[in-house]
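Presented below is the structure to which this report refers.
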Amino acid sequence: MANRVYLGRHPALSGNPYGLFVSKPTKNVLGTTHDDFAFRSDLSDSVGSVTSTFGQSFHIKHRGEVSISLTNDGTNSDFRDSVSITYPRADFNDGSNDRCPLVFIQTSVITDTTIQNAVGMYNWKNTSQDFRTSMGFRFVVQPYPDTSGNGLIHVTVFAEAFADADGDWPGTNTGTRKVYYALATTCIST
Amino acid sequence: MANRVLLGKHPNHGYGLFVSRSAGTASGGSSIAAQNVLASDKSEFLFDSTAASQAQLLCWHQVTTTSSHNGSSVSFEYSNFGVRNFAFALCSQVGSASESASDISCVSQGSGSARASATYGIFGGVQGSLNSTADLGNDINFTIELTDQGSGRGRCIINRITASSSAKDFLVNVLIFKEQA
């Protein structure tokens with residue numbers, strides 16, 4: 001069986017770097033090509049036009065869920081609703097500046113919280129030429145919205161519906177959805 | 001306290017390095033127990049050396065595109081280590097005619113100060129009405145391409161495929177990972 005994990009000074013890599021090295025299944029961690037490794041802690045950009053993140057993995061700092069209820073707004077029949085999620089900016093501070101977290105959002109589908117929607121929207125035009133959006137959501141991150149010390153995630157969920165064969169608006173499933181969020185400590189760099 | 005780190009032979013998964021998660025608190029305030037690294041279910045492990053790759057992030061680079069890039073591209077190079085990378089992108093766009101790239105950058109901000117116009121999202125950084133107000137970012141459109149330049153260098157190309165009349169800046173935030181599973 002191949003050696004898979006090495007902790008310490010690598011004996012074969014150029015420069016003999018110290019670190020943690022993990023090879024891919026079937027590959028020897030004492031190999032010397034990048035294709036041998038599933039993880040190595042000595043990655044650093046040498047081109048110089050980007051700020052290296054050194055092979056950082058995602059560290060989920062915050063995760064959770066909130067409920068959102070969809071209703072017909074009575075005006076435009078938009079069947080959408082929004083929820084705002086706040087987080088402390090200080091959790092992404094580098095000592096003097098707050099930085100932008102990487103945010104992932106998913107939502108549940110109607111009546112079933114075990115199925116999650118990924119990002120996506122479908123546009124559908126009804127017979128009166130209104131544009132309506134169904135089965136999906138949007139989100140934006142506002143990392144520095146004010147001086148309160150909180151960052152903001154704004155999520156809009158759209159009601160689910162499918163266009164039927166004759167193009168009539170088939171009705172919309174309103175009700176409660178879950179919005180799931182995860183904030184990673186991976187911070188934007190220049 | 002749960003066992004959290006195992007370097008060696010796992011009772012279910014063979015030899016390797018395994019790290020399980022710590023205890024935490026759910027959004028409703030309830031407690032989440034730490035996970036035992038000896039558990040047979042490794043789906044929530046923080047690190048699992050039996051995986052084909054750990055998808056390490058090489059860079060998150062913000063690129064400014066302006067009207068001068070309409071129908072053309074802007075690019076940057078980075079260390080790709082000679083292996084396949086994958087990437088995804090997020091976008092920041094202006095929300096009013098008076099804003100430009102410096103108003104919408106999300107990179108960082110001094111503690112206690114605000115930049116309310118800075119937002120990012122999958123479909124751009126402005127959300128609200130579903131109108132199509134001309135030239136306020138609603139017409140943004142771009143693609144990203146990764147190419148191997150050899151010698152451990154990769155190039156990321158951002159094609160701004162907006163109309164020639166598009167006048168406003170938008171930013172593309174590109175995250176590049178090493179490597180394919």
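Residues in region B:159-173 that are surrounded by 21 or more Cβ atoms within 10 Å (Cβ to Cβ) and either hydrophobic (A, V, I, L, M, F, W, C) or within 13 Å of another protein chain (Cβ to nearest Cβ) (or both): 4 in all. If only residues of region A:52-73 that are among the hydrophobic types (A, V, I, L, M, F, W, C) and closer than 28 Å to residue B:29 by Cα are counted, the one that is farthest from the other protein chains (Cβ to nearest Cβ) is A:70. Of all the criteria given as (1) at pLDDT 90 or above; (2) of a type in the set (Gly, Ala, Ser); (3) crowded, with 18+ Cβ neighbours inside 10 Å, the one not satisfied by residue B:137 is (1). Among the residues of region B:54-83, those that are within 16 Å of residue B:146 (Cβ to Cβ) and not in a strand (DSSP E or B) comprise B:55, B:80, B:81, B:82, B:83. Within region B:28-69, work out how many residues are open to solvent by 30 Å² or more (accessible area, probe 1.4 Å), closer than 29 Å to residue B:158 by Cβ and either more than 14 Å from chain A (Cβ to nearest Cβ) or of a type in the set (Val, Ile, Thr) (or both). Number satisfying all stated conditions: 5.
Report, by residue number, each residue of region B:82-103 that is within 15 Å of residue B:65 (Cα to Cα) and not polar (S, T, N, Q).
Initial filter on region B:82-103 (within 15 Å of residue B:65 (Cα to Cα)): B:89-94, B:99-103.
Result: B:89, B:90, B:91, B:94, B:99, B:101, B:103.
Looking across region B:72-127, the residues that are more than 7 Å from every other protein chain (Cβ to nearest Cβ), under 23 Å from residue A:146 (Cβ atoms) and open to solvent by less than 30 Å² (accessible area, probe 1.4 Å) come down to B:90, B:91, B:92, B:93, B:94, B:101, B:104, B:105, B:124. Report yes if some residue within region B:77-87 is in contact with an Asp or Glu (Cβ under 6 Å, 6 or more places away or on another chain) and under 30 Å from residue A:152 (Cβ atoms); otherwise report no. No, every residue in region B:77-87 fails to be in contact with an Asp or Glu (Cβ under 6 Å, 6 or more places away or on another chain) and under 30 Å from residue A:152 (Cβ atoms). Being modelled with pLDDT of 85 or more and open to solvent by less than 30 Å² (accessible area, probe 1.4 Å) is the filter; apply it to region A:54-82 and report the residue that is farthest from residue B:46 (Cα to Cα). The selected residue is A:68. Can you name the residue in region A:38-51 that is touching a Ser or Thr at 6+ places or on another chain (Cβ under 8 Å) and in contact (Cβ under 8 Å) with a residue 24 or more places away in the chain and, of all such residues, is least open to solvent (accessible area, probe 1.4 Å)? So the residue we want is A:50.
The values are calculated or read from the model by the stated rules, or taken from the named source; none is laboratory data. Just so it is clear, the structure is predicted and the values come from calculations on it, not from any experiment. Positions of Cβ are backbone-derived with ideal geometry, glycine not excepted, and every protein chain shown enters the neighbour counts. Side chains are part of the model used for accessible areas, which takes the heavy atoms of the whole protein and leaves out ligands, DNA and RNA. Shrake-Rupley method; radii C 1.70, N 1.55, O 1.52, S 1.80 Å.
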